[in-house]
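Enquirer: To start, I am sharing the structure in question, which I have written as C-alpha cells.
Taken together, the values in this text are just the output of simple stated rules run on the coordinates, not laboratory data. The shown structure was predicted, so the numbers you read here are calculated from the model rather than taken from an experiment. Neighbour counts run over all protein chains shown; Cβ positions are idealised from the backbone, glycine included.
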Amino acid sequence: MLRLCQSIPLAGKAVRSFHRLLVAVPVLALALVSVPPAIAQAKDPGPRAGAAGAGSYFPTLNANEQLLFNQALARFKEVDSVSGTIEAGVGLGPTFNGNSCAMCHAQPATGGSSPGQNSPQNPVPNPQVALATLDGATNTVPSFITANGPVREARFVATDGTNVYSALDGGVHDLYTIQGRTDAPGCTLAQPNFNTQLGLGNVIFRIPTPTFGLGLVENTPDATLVSNLNATSSARSKLGIGGSFNTSGNDGTITRFGWKAQNKSLLIFAGEAYNVEQGVTNEAFPNERNTTAGCVFNATPEDASNILNGDKSSTNFGTTIGTLSEMSSDVVNFAAFMRLLSPPTPAAPTQSTTNGSNLFNQIGCNLCHSTSLATAASPFTGMSNVTYHPYSDFALHHMGAGLADGINQGGAGPDQFRTAPLWGLGQRLFFLHDGRTTDLMQAIQYHYFSTNQYCAQVSDAQLFYVLTTNSVYEPELSSISCNSEANSVVNSFNALSSSQQQDLLNFLRSL
C-alpha cells in the first residue's frame, strides 16, 4: 500500500485526498527511485567536528533571563517515570517513544535533532534501543529502530492497511508501552504490530526537528513571512516552485513548527510532543491518548502549573525567576527553553564555502531556503527586530511522490512539507523527515521526483481515488501531480561541475 501523488479535487467538491496503490504497474520500481544522474566525485564531508555550535541561550539575554533559560533547560533534560518513583519526572506512558525531551533532541547539543553513533561531538547509540526494557519494561525493539539509526516516531497512514476504502489515520503509534515496568504493576498493554503494518506499507517515520533559534521563528510576523514568499514569486514560478502556508484553524494565522508546519506556537509544539512522545498529559493536551484499564496511574493533567504551592515571597528577583520556573508547568518551561535558545553558529567562511553560498543562490536553493528573516518586538533582551538566517521560508512545498508520506496535517497534504531550516545542518547526522539517509548528496537527490509517464499510467490504471464520507470517486486525470517542486533546482545542481558541487556541499556543512 503506497500513497504516492497529490490529488487536487475539482472546485466545489468537499473531498480530501486519499491515495492507495491497487495494482502493480511495471514502472513503479523505477518511479520510486526516479532521480537524475549526479556527478559522483563530490562527496558529503560529513558532520562537522569541533565544539557544538549550538545549545546555549541567546547571547544578549540579561542575567535573569539566563537564569530562566538554565532552569528551563533542566526541565527539558528531566527524565520521566510513570509516577515519579524511579526517575524524577511524572507521567510516562501508557505508551511512549522517549522518556525525556533531551533524549531525542540531543545532537550536537541539547535542543538539537537525533543523536547517533557517528556524532563527532557525542557518539552514542540510539537511546530508543535501551529504552525498550528500561526499568523492567517488556517491549521488543521494532526493526526500524537500530543502534546506529535515528530516533524515530512511527505513524500509520490508514486505519486499516488491508482496505483500500479505509479512512486515513496519520497519527503517531508509539513504539513502547509501560507494561512490565516496576512502576506500572498490573498494566497489560501490547505494542502495535509494526511488522504487519510494515508489510502492508502502512508505516511512515519522522525524526526530531531541531529547536535551535525557534524563539526567533515564533516571533516573526505573518506579514514578514508572506512578504518574503511574495518577493520570490516570479523566480519560483519560472522554476515550477509553488509555496503556501499552513494555517491555524482557530485564528487563521500561519503555523510554522513541525515537519508539516502543523503547530502554531512553541507552547503547543511542546504540549503535543509531551503527550504524544512521552505520554505525559499537560495543560495544553490534558487527556491520555490511551486509557487501557490498569495502565493509567495518575490524575490528569499529569503536568500542571504549581500555582497553589509556589512561593513568590522572595524579594530577590533572581530567586523569583527560579521560583517562577518551579511554579510553571513542564511545557511552559520547555517553551521558554526553546524561545531563549540561540540559533546555531556557522563555521568561519572559507573560499570554498563562499563559492558554495553563491552557487546556493545561483541555482535557486534560496527560493525556498530563504537566507534571512526578521523578528518583531520581543519582551526578551536583544531579541527585538533581529535579522536571522534560518534558510527556510517556513512555507509548504510539494515534494513529489518520492518523499510523500500520505499524511495530512492541517492544510498540508500527503506530499507537502515545510521547508526544513538549514541552519545547524553542518552538525546534523540524519536527513529528511524520516532520517532515511546520513548523506547530504543523497538528501539533495531525494528532492527530485519527475515522471509524467508514471502519473499517466497511474491514472489509466485507476490507482488514485478521492474519498468523501460516503463516496469514492474515479481519478481526476487533469488534477494529478506527482512531481517535486525542487526538480529544476536539483537539475541545476547536477549540472554543476564536481568542484562546484563540492563547494556547495561544503557550504551546507558550514551552516
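Enquirer: Given H placed on each backbone N at 1.01 Å, which residues far from Val90 in sequence or on other chains put an amide H within less than 5 Å of it?
Expert: Here the answer is Ser81, since their amide H atoms fall under 5 Å of that of Val90.
Enquirer: What's the Kirkwood radius of segment 139-228 in Å, using all Cα pairs?
Expert: On the way: mean 1/r = 0.0612 Å⁻¹.
Over segment 139-228, the inverse of the mean reciprocal pair distance is 16.4 Å.
Enquirer: On to the next question. Seen from all sides and averaged, what is the projected area of the convex hull of the Cα atoms in segment 43-187, in nm²? Write down the numbers at each step before the final one.
Expert: Details: hull surface 51.7 nm².
With the hull built on Cα positions only, its mean projection is 12.9 nm².
Enquirer: Listed highest first by mean packing, meaning other Cβ atoms within 10 Å per residue, what order do 377-384, 198-205 come in?
Expert: 198-205, 377-384
Enquirer: Once the mean 1/r over all distinct Cα pairs of segment 102-149 is inverted, what Kirkwood radius in angstroms do you read off? Please report the intermediate quantities before stating the final value.
Expert: Values: mean 1/r = 0.0892 Å⁻¹.
Kirkwood radius, segment 102-149: 11.2 Å.
Enquirer: If you don't mind, there's one more thing I want to ask. Taking amide H positions as placed 1.01 Å from N in the peptide plane, with prolines and chain starts having none, which residues 5 or more places from Thr247, or on another chain, fall under 5 Å of its amide H?
Expert: Under 5 Å from the amide H of Thr247: Thr255, Gly411.
Enquirer: Got the relative contact order for segment 373-418 handy, in percent, Cα pairs under 8 Å and 6 or more residues apart? Don't skip to the answer; put the middle values down first.
Expert: Values: 53 pairs, mean separation 13.1, N = 46.
It comes to 29 percent, rounded to a whole number.
Enquirer: How high is the relative contact order of segment 316-411? Use alpha-carbon pairs under 8 Å, at least six apart in sequence, and give a whole percent.
Expert: About 16 percent, as a whole number.
Enquirer: So for each of 98-109, 171-182, 75-86, 405-416 I average, over its residues, the number of other beta carbons within 10 Å; can you give me the resulting order with the highest mean first? Please list the in-between numbers first.
Expert: Working: 98-109: 25.7, 171-182: 21.0, 75-86: 19.3, 405-416: 22.8.
Per-residue mean Cβ counts within 10 Å order the peptides as 98-109, 405-416, 171-182, 75-86.
Enquirer: Compute the signed sum of charges (Lys and Arg +1, Asp and Glu -1) over the other residues within less than 11 Å, Cβ to Cβ, of Thr438. Kindly include the intermediate steps, with their values, before the conclusion.
Expert: Working: positive: Arg428, Arg436; negative: Asp44, Asp439.
Charge balance near Thr438 sits at 0.
Enquirer: While we're here: Of Phe144, Phe96, how do they rank once you tally other Cβ atoms within 10 Å and put the fewest first? Intermediate results must be reported in sequence, preceding the final value.
Expert: Details: Phe144 16, Phe96 25.
Ordered by Cβ neighbours within 10 Å, fewest first: Phe144, Phe96.
Enquirer: Efficiency by 1/(1 + (r/R0)^6): what FRET value for Gln351 and Asn64, r their Cβ-Cβ distance, R0 = 30 Å, to the nearest 0.05?
Expert: Details: r = 43 Å, r/R0 = 1.43.
Efficiency for this residue pair is about 0.10.
Enquirer: Let me ask something else about it. With 10 Å bins from zero, work out the P(r) of segment 379-428 over every alpha carbon pair and list the percent per bin.
Expert: Reading upward from the zero bin: 22, 33, 30, 13, 2.
Enquirer: Using each residue's phi in segment 482-495, evaluate 6.51 cos²θ - 1.76 cosθ + 1.60 at θ = phi - 60° and report the 3J(HN,Hα) Karplus result to the nearest Hz, with x for Gly and Pro.
Expert: 10, 7, 8, 5, 8, 4, 5, 5, 5, 4, 5, 4, 5, 7
Enquirer: I want the local charge near Ala348. Using Cβ-Cβ distances under 14 Å, sum +1 for each Lys or Arg and -1 for each Asp or Glu among the other residues. If you can, show how the numbers build up before the last one.
Expert: Details: positive: Arg48, Arg509; negative: none.
Net local charge, Ala348 excluded: +2.
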